[in-house]
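Participant: Right, I'll just put the structure down here and ask away after.
The values are calculated or read from the model by the stated rules, or taken from the named source; none is laboratory data. Small disclaimer: the values here were computed from a predicted structure and weren't measured. Virtual Cβ from ideal backbone geometry, glycine too; neighbours counted across all protein chains shown. Remember, those area values only see protein heavy atoms, side chains included, never the ligands or the DNA or RNA. Shrake-Rupley method; radii C 1.70, N 1.55, O 1.52, S 1.80 Å.
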Amino acid sequence: MTETKKSAQLSLNGETYELPILSPTAGPDVLDIRKLYGQAGVFTYDPGFTSTASCDSTITFIDGDKGELLHRGYPIDQLAEQSHYLEVCYLLLYGELPTASQLEDFETRVTRHTMLHEQMQYFFRGFRRDAHPMATMVGVVGAMSAFYHDSTDIHDPWQREVASIRLIAKMPTIAAWAYKYNLGQPFVYPRNDLDYASNFLHMCFAVPAEEYVVNPILSRAMDRIFTLHADHEQNASTSTVRLASSSGANPFACIAAGIACLWGPAHGGANQACLEMLKEIGSVERIPEFIARAKDKNDPFRLMGFGHRVYKNFDPRATVMKKSADEVLDLLGVENNPILQVAKELEKQALEDPYFAEKKLFPNVDFYSGIILEAMGFPTSMFTPIFALSRTVGWISQWKEQLGDPQMKIGRPRQLYLGSTERDYTDIENR
Ligand code: SDX
C-alpha cells in the first residue's frame, strides 16, 4: 500500500476531518477511514462491500470496465493459453513465474501429497450416498485439521507451506472420492505418473475393472478450467477465508469455510444453477419467456451465469471458456449439443436486449463452464466441487498473504443498529 500526500476532507457536525488517500499500482484510489470512528465517532455503511476495500493485495487485479483479469500482472488469457494450472499455482503462491527447476520441484512436491490419510475414507462413508459432494468436501476438508496436526500452526512458515501444498494436492482426490462415493464405485487412488488434470480425470472416471486412458484434449480443457477459476480478488469465498483466518483458525478450517461460502448459487454454485436453468429452458423457442422473467422485478428468477459484481464488461474467463467449449464439444462430436445451442442463443438474445446492456449484465465464468463439464461426463453436482478444487490455490495464496501482513488484526465489522433501545423486562403475567 502506498501512502500519498493526497487526502480528502470530511465536514461533519461542524468539524473537518482529513482522510488520507492511498494510491494503488492499478485501480481506484482508496480513502483510508481506519481512524474515522476514533476521530469522528461515526461508522461507514456499505452492506455487500460494493465500495469497500477490505485489504491490500498483490495477487490478482480485475478491471471490471475493461474486462481485464491479471494474476501477479499476467493476463488470464495468456496464462490460460500458454501456461498450465500448477505453474499458475506457483505464480499465485510465490509471486513470480517459476524457472524450470523450480517448477519441477513444485510439481514433484504436489504430486507426492495427493494421497489422503487412509483413515479419512471413513469420513466419506459416514455420509448418505446421495450427499451433495460440496457437503462432503466441506466436511472432509475441515476434518483434515484432525489428521494433519503437523501443518496447522499458522505461526510456523514451514507448516504454512506444507498446509498449502497438502491442500492443493489433496483437493482433487477429495473431490473425486466424493463423486465416486455418490456413484457407489470404489475410490481410485491418485497416480504419480499422471499430470494434475489427468490424475483428477482418472480418479473420477477410472474403474478397477478396466484401464482408463485420459484423452489429452480433455485433460488440457480440464487444466484450463482449473486455471480460469484459480483466484479472483476479494470475492465472497476468499473474503470468508480471510475473515476466518483473521481469528487465527487453522488453514483447513479456513478453506472449509471458503468451500461452504462458494456453494451458494449467487457465487460458485452458479455453474450448477446455470446448467439446470439451460435444461429447464430446454429449447431456443422458450428463451424469450425466461428473458422476460429475468427482467420482471416481481419474479426472483435471474439468468444464472450472467452478471457480476465487478465485471461491467465481458468476464475474460468466459471468453476463454467459450472457445474451450467449442473445442471440447467438437472433439466429443456433440457440437450440436442442444444445451449448447440454447446457451449460444440465450447469450445472443440477452446481449441484444437493452435491459442486460443497460445493467451491463454479461456472461460470467459460470456460463460456459457447466456445458464443458457436462460434455466431459460430470453430473451438475460436481461443477461447484471442481470450482472449489480450482480456487483452493487462490484461497491459500490470499490466506498466506494476510498472515504475512504485520498490520493484520481480527476482522470485526460494526453495524447500523435499528433495533429496540433499552427497555425493562416484564413478567409474563404483565405481557
Ligand atoms: C462468481 O465475486 C467474484 O469474483 C465471483 C466469481 C469468482 O470468480 O469468485 O467471479 C464467481 O460468483 C460469478 C457470478 C456467478 N453468479 C451468477 O451467475 C448468479 C447470477 N448473477 C447474479 O445473481 C448477480 O449478477 C451477481 C450476484 C453475480 C452480482 O450481483 P450484484 O453485483 O449484487 O448486482 P445486483 O444483484 O445488485 O444486480 C444489479 C441489477 C439488479 O437490478 P436492479 O435491482 O438494479 O433493477 O442487475 C440485475 C439485478 O436485478 N441483475 C440481474 C442479474 N444479475 C443482476 N438480472 C437478471 N439476471 C441476472 N443474472
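Participant: From (1) hydrophobic (A, V, I, L, M, F, W, C); (2) surrounded by fewer than 24 Cβ atoms within 10 Å (Cβ to Cβ); (3) assigned to a helix (DSSP H, G or I), pick out the condition that doesn't hold for VAL214.
Facilitator: (3)
Participant: Here's another thing I want to ask about it. Select from segment 313-325 the residues that are of a type in the set (Lys, Arg) and out of contact with any Leu (no Cβ under 9 Å at 6 or more places or on another chain) and write down the one among them that is farthest from the ligand (Cβ to nearest atom).
Facilitator: Filtering segment 313-325 down to residues of a type in the set (Lys, Arg) leaves 317, 322-323.
Okay, now just the ones that are also out of contact with any Leu (no Cβ under 9 Å at 6 or more places or on another chain), so 322-323.
Numbers: LYS322: 15, LYS323: 18 Å.
Checking each candidate, the answer is LYS323.
Participant: While we're on this one: Going through ARG191, ARG160 one at a time, which residue ends up being over 21 Å from ILE259 (Cα atoms), among the charged types (D, E, K, R) and modelled with pLDDT of 95 or more?
Facilitator: Only one candidate qualifies: ARG191.
Participant: Hey, another quick one. Inspect all residues belonging to segment 279-286 and state whether any of them is within 11 Å of the ligand (Cβ to nearest atom) and in a helix (DSSP H, G or I). Give the steps one after another, and end with the answer.
Facilitator: Filtering segment 279-286 down to residues within 11 Å of the ligand (Cβ to nearest atom) leaves none.
Looking for residues that are within 11 Å of the ligand (Cβ to nearest atom) and in a helix (DSSP H, G or I), one finds none in segment 279-286, hence no.
Participant: Tell me which residues, restricted to segment 233-264, are open to solvent by less than 30 Å² (accessible area, probe 1.4 Å) and either of a type in the set (Phe, Trp, Tyr) or in contact with a strand residue (DSSP E or B) (Cβ under 6 Å, 6 or more places away or on another chain) (or both).
Facilitator: PHE252, the sole residue that qualifies.
Participant: Under 9 Å by Cβ, and 6 or more places apart or on different chains, what pairs join a residue from segment 106-127 that is over 16 Å from VAL140 (Cα atoms) with one that is open to solvent by 10 Å² or more (accessible area, probe 1.4 Å) and aromatic (Phe, Trp, Tyr)?
Facilitator: Taking only residues 6 or more apart or on different chains, the pairs are PHE106/TYR90; PHE106/TYR94; GLU107/TYR90; GLU107/TYR196; VAL110/TYR196; THR111/TYR196.
Participant: Still on this model: Would you mention how many residues in segment 287-310 are assigned to a helix (DSSP H, G or I) and loosely packed, with under 14 Cβ neighbours inside 10 Å?
Facilitator: Initial filter on segment 287-310 (assigned to a helix (DSSP H, G or I)): 287-295.
Cutting the leftovers down to loosely packed, with under 14 Cβ neighbours inside 10 Å gives us 288-289, 292.
Qualifying residue count for the region: 3.
Participant: Of (1) assigned to a helix (DSSP H, G or I); (2) within 30 Å of MET171 (Cα to Cα); (3) not aliphatic (A, V, I, L, M), TYR37 satisfies all except one. Which?
Facilitator: TYR37 satisfies all of (1) assigned to a helix (DSSP H, G or I); (2) within 30 Å of MET171 (Cα to Cα); (3) not aliphatic (A, V, I, L, M) except (2).
Participant: Right, something else. From the list VAL328, VAL342, which one is more than 13 Å from the ligand (Cβ to nearest atom), open to solvent by less than 20 Å² (accessible area, probe 1.4 Å), at pLDDT below 90 and in a helix (DSSP H, G or I)?
Facilitator: Details: VAL342 fails: at pLDDT below 90.
Only one candidate qualifies: VAL328.
Participant: Across segment 361-389, which residue is farthest from the ligand (Cβ to nearest atom) among those that are more than 17 Å from ALA270 (Cβ to Cβ) and part of a loop (DSSP other than H, G, I, E, B)?
Facilitator: First, the residues of segment 361-389 that are more than 17 Å from ALA270 (Cβ to Cβ): 375-377.
Next cut, part of a loop (DSSP other than H, G, I, E, B) only: 376-377.
Numbers: MET376: 20, GLY377: 23 Å.
Per the stated criteria, the residue is GLY377.
Participant: ARG412 is checked against (1) in a helix (DSSP H, G or I); (2) surrounded by fewer than 13 Cβ atoms within 10 Å (Cβ to Cβ) and fails just one. What number does that condition carry?
Facilitator: Result: ARG412 passes all but (1).
Participant: So, ASN313, is that one buried (at least 16 other Cβ atoms within 10 Å of the Cβ), over 17 Å from PRO385 (Cβ atoms) and among the polar types (S, T, N, Q) or not? It would help to see each step written out before you state the result.
Facilitator: Numbers: buried (at least 16 other Cβ atoms within 10 Å of the Cβ): no; over 17 Å from PRO385 (Cβ atoms): yes; among the polar types (S, T, N, Q): yes.
Criteria not met by ASN313.
Participant: Inspect all residues belonging to segment 340-358 and state whether any of them is more than 20 Å from ALA80 (Cβ to Cβ) and among the aromatic types (Phe, Trp, Tyr).
Facilitator: yes
Participant: Right, something else. Does segment 253-276 hold any residues that are in a helix (DSSP H, G or I), modelled with pLDDT of 95 or more and within 12 Å of the ligand (Cβ to nearest atom), and which are they? Talk me through it step by step, then tell me what you get.
Facilitator: In the first step, residues of segment 253-276 are kept if they are in a helix (DSSP H, G or I); the result is 253-262, 270-276.
Okay, now just the ones that are also modelled with pLDDT of 95 or more, so 253-262.
Those that are in a helix (DSSP H, G or I), modelled with pLDDT of 95 or more and within 12 Å of the ligand (Cβ to nearest atom): GLY258, CYS261, LEU262.
Participant: Let me ask another. Can you pull out every residue in segment 226-252 that is more than 8 Å from the ligand (Cβ to nearest atom), of a type in the set (A, V, I, L, M, F, W, C) and either more than 21 Å from GLY307 (Cα to Cα) or not in a loop (DSSP other than H, G, I, E, B) (or both)?
Facilitator: The answer is PHE226, LEU228, VAL241, LEU243, ALA244, ALA249, PHE252.
Participant: I want to confirm something. Restricting to segment 34-64 and keeping residues that are within 16 Å of the ligand (Cβ to nearest atom) and among the charged types (D, E, K, R), which single residue is surrounded by the fewest Cβ atoms within 10 Å (Cβ to Cβ)?
Facilitator: Among those residues, the one meeting the criterion is ASP46.
Participant: Go through segment 149-188 and report how many residues are open to solvent by 10 Å² or more (accessible area, probe 1.4 Å) and farther than 12 Å from HIS113 by Cα.
Facilitator: Number satisfying all stated conditions: 21.
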